[in-house]
Amino acid sequence: MRFISESSEERIPCYRVLDDDGQPFPDSSFVKVSEGVAIKMYNDMVTLQTMDTIFYEAQRQGRISFYLTTSGEEAINIASAAAIKNDDFVVPQYREPGVLLWRGFSMQEFANQCFGNKADYGKGRQMPIHYGSNKHNYFTVSSTIATQLPHAVGAAYALKMDQKDACAVTYFGDGGTSEGDFHAALNFSAVTEAPVIFICRNNGWAISTPISDQFRSDGAVVKGRAYGVRSIRVDGNDALAIYSAVHAAREMAIGEGRPILIEALTYRVGHHTTSDDSTKYRPVDEIEWWRTTQDPVTRFRKWIESNGWWNGDIESELRSSVRKQILHALQEAEKAEKPPISDLFTDVYDVSPSNLREQEHSLRETIKKHPQDYPSNVPI
Amino acid sequence: MWGIIRQKVAAGGGSPVARIRPVVSNLRNYSSAVKQMMVREALNSALDEEMSADPKVFLMGEEVGEYQGAYKISKGLLEKYGPERVLDTPITEAGFTGIGVGAAYYGLKPVVEFMTFNFSMQAIDHIINSAAKSNYMSSGQISVPIVFRGPNGAAAGVGAQHSHCYAAWYASVPGLKVLSPYSSEDARGLLKAAIRDPDPVVFLENELLYGESFPVSAEVLDSSFCLPIGKAKIEREGKDVTITAFSKIVGLSLKAAEILAKEGISAEVINLRSIRPLDRSTINASVRKTNRLVTVEEGFPQHGVGAEICASVIEESFGYLDAPVERIAGADVPMPYAANLERMAVPQVEDIVRAAKRACYRSVPMAAAA
C-alpha cells in the first residue's frame, strides 16, 4: 500500500531562455524571433507599460473612474500574442490588454472604452478596462473570475467542428484556478479534445491573497496532469520563453486536437486595481525588487540591444512618442461626447422589445419637459 | 363558429410568415384523422427537425446521447447526428453551461439540457452573467443564440431539491426569454422558435407532461411550424373570470373551467406560453372583458409569476377589476415528499375552482385540509 505524496520531492522545473541580463542561457533552445517581430514586441511592451502609467495616473486624478495595470506581466501579454495568429480566439480575464494591443487596437480605442464615450465599442455599458472587439477576435472582458475558461473550451470545440486552422486561447490568474469553472473547463477540454491553450498568469497574488493561501499544490502546472492535459511551466518574465512555449502549444493544440496548460510564473508589480493599495499586505521592498530587477521589458531590451537591433536613442524616441500619443488619446477621449440615451435601451435582445421602446419614448418626453433635471452632456 | 386569425409568426431570424390558424381546436372540421402526439415526441421531433435544418444546432447535457436522454427526449438523435452534435457531458452543470455559452459566442446554436432546472442553479452564473447580459455588455458584439431546456417545477414524489419552479427566477432577468409549453403543439412550436431565436432562451418543460398526448394538426406537424415568442394562447374562451396559467397548470385550469361551467361561471383560460416577454396585452384585454382575475402557478407565491401578472393588471386595467385578484400558488414550503403532503403543497383543481368562485363573490368554504 503506497500513498501518492501530496507533493513531489522537486518542484516542476521552469522553462527559461533569457537570464536576468537578457542573454540566452548557453543550452537553451527556443523558437527564433525575427528582428521585425522582436522590434514590434518590444514596441508594444513599452506602449503597454506607458499606457498603464498614464491611465493609472488619470484615474488618480479623477479623470477615469477605475483602472488596473498589467505591470510586470508585459512579456506574458505581448509575447503570447505574438506567438498566436489573428484567427485564434482570445478569451481574456482582464489583465491582458496587451494581446488586444498587439492585434491593432489603438490607444484611442482603449481610451474611449475607459471614458465610456460615444466612440466606445462597448457603448458605455461597462467599467473601464472591459475591452472587447469582434474584429480583433478578442472577446469582451467580463468581470466574473474564470467564467471565460469554459467559454474558451466551447469556442475551441466549435473551431474543431468547423475544422478551422485556429485555436482558442484563454488567460487567468493564480486565483482563478480555485474556481469551479477552472476544474470544469480543464476536465472538459481533455474529454472533448478541444484545441484550447490555457495560460495561467501565476503572479503570486489574488488581490491580497498570496498563493500560499490559494492552493497547496505546486502551482497551477501540476493540475494539468490531473485532468489529462499536457502542461508546461514557463518564466513569465522571459518574452522568448513565453513566445516559444505558446508557439509550440498552438501547434499541438491544433495539430493534435488537444488542450495545453501553460503556467507563466511572474509577479503582479502593480496593485490589484486602483481600488487597492497592495503596500498594506506585502512589503514595499518585495514590490520594488520585482519592479526593478525582474522587469520583463528591460530584460527583453537587453536582448534586442545585444543583437544590435536597438539602442538608447531609439529608446528615448520611442518612449517620448508613445507618451505623446497616449496623452493625446486621453485628451480626445475625455472631450468626446458620452453615448446617446438610445444606447441605454438597445442590445438587451436582438430586437428591441416593446416595453423598452415605450420606456425610451417616455424618457425622451420627460427630458423634453424638464431639461434642467438632466445632464447637459448626454446627447439625446 | 370558430374564428380564423391570421397570425404573424416570428421565426426568430427569418422573415415573419403569415399563418392561418383556427382559434379553437375544432379540428374535426379540417381532416378526418387527427393525430395524437405525446409532448415527449413533440420535443424530440422539434429537436430533430431543427438539427436537420441547421448544422450549427447541437445538443449537450448529461445522458442525452447513449442513454437517449434522462427522459428520452433526445431518443435517436445520437444515432442520427453522431457524437459531435449530441454531446454526453461530464457531471458539471457549470462546466457544460459555460462551454455551451462559449460555443454560442463563437456562433454555434447549442441546446443545453438540464436534467432538471433544479440543477441549473449550479450553472446560474453562466446563464445570467455569461448568457443573458452578454449582448448588452458587449454592445451587440457577442450574441448568445443558446437554449437552456429541461423539466421544471414539481414532478411526483421527488422532494424539495427536485421540485422547485424557476419561472419567476429567470423571467426577472432582462436579456433572457423564458418559455413554458403546455401541449404538444406548444412544445413543438415554442422549442423551434427558441432554437431559431438569436437571444438566450430558457425553456421550462414539465416531467409529468412528457407522457401526455395532445391532438396535433397537419400544420403543427410541418417542419416549418413555429409559434411566436411573447404571445399567450386563449385555450378556452369565457366571459366571467380570467384564469392565467402555464405548463401543467393549464390542464388543471381547463378542468376547473369545466366544473365552473356547470355552476354557471364561464371561465376564460389563458395559456401564457411565454413568461418573458409576458403577453400583457392578451391578459389585460381578457381582464377588461371578464373583470375578474385568478392567476395560478405551481411555484412559490412570493415574487412569483402571478405577482407580476397582478401588478401588470393593476397598472393597466385597475378600473376594470370588479374583485381583488386571486393568486393561487404552491405552498410556501420546500416541497415535502410524502404523497399526502405533496398533494397539499401544489395547487389542485379544487383550489382553482374555489378561487374563481371567490372572485365571482360566491361563498366558498375555506381551503379544505385534504
Over the stretch B:35-221, relative contact order from alpha-carbon pairs under 8 Å, at least 6 apart, %: 26
Rg to Rh quotient for the stretch B:202-307, alpha carbon positions, Kirkwood Rh: 0.97
20 Å Cα-Cα reach of residue A:32 towards lysines, excluding residues that sit fewer than 8 places from it in its own chain: A:40, A:85, A:302
Residue A:225-residue B:36 pseudo-label distance in nm [points 7 Å out on the Cα-to-Cβ vector]: 6.1
The stretch A:31-152: radius of gyration over Cα atoms, expressed as a fraction of 2.2 N^0.38 Å: 1.04
Farthest toward positive dipole pole in the stretch B:225-365 [+1 Lys/Arg, -1 Asp/Glu at C-beta], among B:321, B:334, B:228: B:228
Surface accessible to a 1.4 Å probe, per residue, for the residues of the stretch B:35-221, Å²: 30
Debye intensity ratio I(q)/I(0), log10, the stretch B:233-360, q values 0.18, 0.20 Å⁻¹ (C-alpha model): -0.89, -1.09
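Please list, by residue number, every one of the GluC sites (Glu not before Pro) in the stretch A:279-380 that is coil in DSSP and has at most 11 other beta-carbon atoms within 10 Å. Write down the numbers at each step before the final one.
Working: sites: A:286, A:288, A:305, A:315, A:317, A:332, A:334, A:337, A:358, A:360, A:365; in loops: A:337.
Those satisfying the criteria are A:337.
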Residue B:263 versus residue A:32: modelled label distance in nm, points set 7 Å from Cα along the beta carbon direction: 9.2
Antiparallel bridges, percent of DSSP beta bridges restricted to the protein assembly as shown (to nearest 5): 25
Buried area at the A-B interface (accessible, heavy atoms, 1.4 Å probe, summed, Å²): 3200
Separation of alpha-carbon centers, the stretch A:113-155 and the stretch B:262-285, rounded to whole Å: 41
The stretch B:233-360, accessible area per residue, ligands and nucleic acids excluded (1.4 Å, Å²): 41
Within straight-line cross-link reach of residue B:72, lysines at Cα separation under 29 Å, skipping those fewer than 8 residues along the same chain: A:160, B:35, B:56, B:80, B:109, B:177, B:192, B:231, B:233, B:248, B:255
Gap separating the Cα centres of the stretch A:240-315 and the stretch B:172-194, nearest whole Å: 49
Percent accessible area from carbon and sulfur atoms, the protein assembly as shown, protein chains only, probe 1.4 Å: 53
Set of lysines near residue B:262 by C-alpha distance (under 18 Å), chain-local residues within fewer than 8 positions excluded: B:239, B:357
Approximate spin-label separation residue B:316-residue A:134, in nm, with each point projected 7 Å along Cα-to-Cβ: 3.2
Table column - 3J(HN,Hα) (Hz), the stretch B:202-207, Karplus curve with 6.51, -1.76, 1.60, x for Gly and Pro: 9, 10, 9, 8, 9, 4
The protein assembly as shown shape via C-alpha gyration tensor axes, a/c threshold 1.5: prolate
All Cα pairs of chain A, percent lying beyond 41 Å: 16
Residue list for the stretch B:143-176, given a label point 7 angstrom along the Cα-to-Cβ vector of residue B:333 and an amide N cut-off under 13 Å: B:160
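Once the mean 1/r over all distinct Cα pairs of the stretch B:313-367 is inverted, what Kirkwood radius in angstroms do you read off?
On the way: mean 1/r = 0.0764 Å⁻¹.
Computed over the stretch B:313-367, the radius equals 13.1 Å.
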Drop in accessible area of at least 50 Å² in the complex versus isolated chain, residues of the stretch B:66-97, 1.4 Å probe: B:84, B:90
Pairwise centroid distance, computed over Cα atoms, of the stretch A:323-341 with the stretch A:160-200, Å: 36
Cleavage-rule hits, chymotrypsin sites (Phe, Trp or Tyr not before Pro), the stretch B:309-342, DSSP coil, Cβ neighbours within 10 Å at most 14: B:337
Cα-based equivalent ellipsoid of the stretch B:67-155: semi-axis lengths in Å, sorted from largest, via gyration tensor: 23, 17, 10
Average silhouette area of the stretch A:285-380, convex hull of alpha-carbon atoms, in square nanometres: 12.5
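If you take every DSSP beta bridge fully contained in the stretch B:233-360, what fraction is antiparallel? Give it as a percent rounded to 5. Mind showing how you got there, number by number?
Details: 3 of 14 bridges.
So the antiparallel bridges in the stretch B:233-360 amount to around 20 percent.
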Distance cut-off 31 Å, percentage of C-alpha pairs in the stretch B:35-221 lying past it: 10
Antiparallel DSSP beta bridges within chain A, percent to nearest 5: 15
With DNA, RNA and ligands ignored, accessible area of residue A:309 (1.4 Å probe; Å², nearest 10): 60
Projected area, mean over directions - chain B, Cα convex hull, nm²: 18.5
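The values are calculated or read from the model by the stated rules, or taken from the named source; none is laboratory data. Computed from a prediction, not measured in an experiment: that's the story for all the values here. No Cβ is skipped: glycine too gets one built from the backbone with ideal geometry, and neighbour counts run over all protein chains shown. The area values use the complete protein model at the heavy-atom level, side chains included, leaving out ligands, DNA and RNA. Shrake-Rupley method; radii C 1.70, N 1.55, O 1.52, S 1.80 Å.
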